[in-house]
1. Would you call Ser40 in contact with an Asp or Glu (Cβ under 6 Å, 6 or more places away or on another chain) and either without any contact (Cβ under 8 Å) to a residue 40 or more places away in the chain or hydroxyl-bearing (Ser, Thr, Tyr) (or both)?
2. Just for the stretch 58-72: of the residues that are under 21 Å from Ala227 (Cα atoms) and without any contact (Cβ under 8 Å) to a residue 40 or more places away in the chain, which one is surrounded by the most Cβ atoms within 10 Å (Cβ to Cβ)?
3. Are any of the residues in the stretch 109-125 farther than 30 Å from Lys182 by Cβ and at pLDDT 95 or above?
4. Any residue that is closer than 23 Å to Leu82 by Cα and of a type in the set (Val, Ile, Thr) - is there at least one of those in the stretch 171-178?
5. Mind checking which residues of the stretch 10-38 are surrounded by 12 or more Cβ atoms within 10 Å (Cβ to Cβ), assigned to a loop (DSSP other than H, G, I, E, B) and of a type in the set (Val, Ile, Thr)?
Amino acid sequence: MGVFSIPDNARQEIKFACYLHDLDKIYTWLRSLEVTVRESYPDRHVNNIYLDTYDYSAYTSNLSGESKRTKVRYRWYGESDLIDKGQLEVKTRRNYYGWKYVYKVSNNPYEHNSTLREVFDNIRNELDLNGRQWIDDNPLPVMMNRYRRSYFETSDNKVRITIDRFQKVFDQRLSIYPNFEKRALLPDTIVIEIKFDREYRELVSDIVKTMPVRVSRHSKYMNAVNAISWNTWV
């Protein structure tokens, strides 16, 4: 199967973005839905380092709205800013459908004073041939971001809703060592994602109609690259 052949487990995804002061409004909306929505997992911090080609092909394909595109990132969870064991993820999109290829990394790839190259060499050494190829084809660590995520789903498990806020972004492009401290200035936004299997599109359409904020095209990677390119730091 080709990388853009839509698998059976591919899901549709709708994103909303609004300001942090709208958070209470979003929680009120969740409680008011006709379908029952429950917390499906405790809040946790999500951390990512995004990889790209030297000519930023992932960024430009998203910018131009290409129907077939991929983003490669290394993801780990936890409160610490430091890189930890996690997984390489290849987020793939074709038209309205999205899915991920996931490659687990069981050992912590970062040690004190590790360079970015050493970190990704350690990650690469744990992967199979396909996983290694994704790193080889996307050799540039562009940025690291971290945010707090809340998880919800409908009681019938048909629809998943996540809420992300308190995002921080750290430029990695010119760093020999991982940049954990110098972060870009971002607006205080929250991102709501609704993910669902294709057969539940009508149900989600009814949910979206009641949403107190507008549907918006939003990419954490795109916004983060724009932020680090403006060279405004805190």
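1. yes
2. From the stretch 58-72, those under 21 Å from Ala227 (Cα atoms) are 58-65, 70-72; that's our starting set.
Subset that is without any contact (Cβ under 8 Å) to a residue 40 or more places away in the chain: 60-61, 64-65.
Working: Thr60: 13, Ser61: 16, Ser64: 8, Gly65: 8.
Filtering first and then ranking leaves Ser61.
3. First, the residues of the stretch 109-125 that are farther than 30 Å from Lys182 by Cβ: none.
Checked the stretch 109-125: no residue is farther than 30 Å from Lys182 by Cβ and at pLDDT 95 or above.
4. Within the stretch 171-178, the first condition is being closer than 23 Å to Leu82 by Cα, and the residues that meet it are 171-178.
Filter again for of a type in the set (Val, Ile, Thr), leaving 176.
Yes, the stretch 171-178 contains at least one residue that is closer than 23 Å to Leu82 by Cα and of a type in the set (Val, Ile, Thr).
5. Across the stretch 10-38, the qualifying residue is only Val35.
Yes or no, residue by residue, for (1) farther than 19 Å from Tyr41 by Cβ; (2) of a type in the set (D, E, K, R); (3) not in a strand (DSSP E or B):
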site: Asp81; (1), (2), (3): yes, yes, yes
site: Asp84; (1), (2), (3): no, yes, yes
site: Leu88; (1), (2), (3): yes, no, no
site: Thr92; (1), (2), (3): yes, no, no
site: Tyr101; (1), (2), (3): yes, no, no
site: Asn107; (1), (2), (3): yes, no, yes
site: Asn113; (1), (2), (3): yes, no, yes
site: Arg117; (1), (2), (3): yes, yes, yes
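The values are calculated or read from the model by the stated rules, or taken from the named source; none is laboratory data. Everything numeric here is computed off the predicted structure, so don't read it as measured data. Note that each Cβ is placed from the backbone with ideal geometry, even for glycine, and that neighbours are counted across all protein chains shown.
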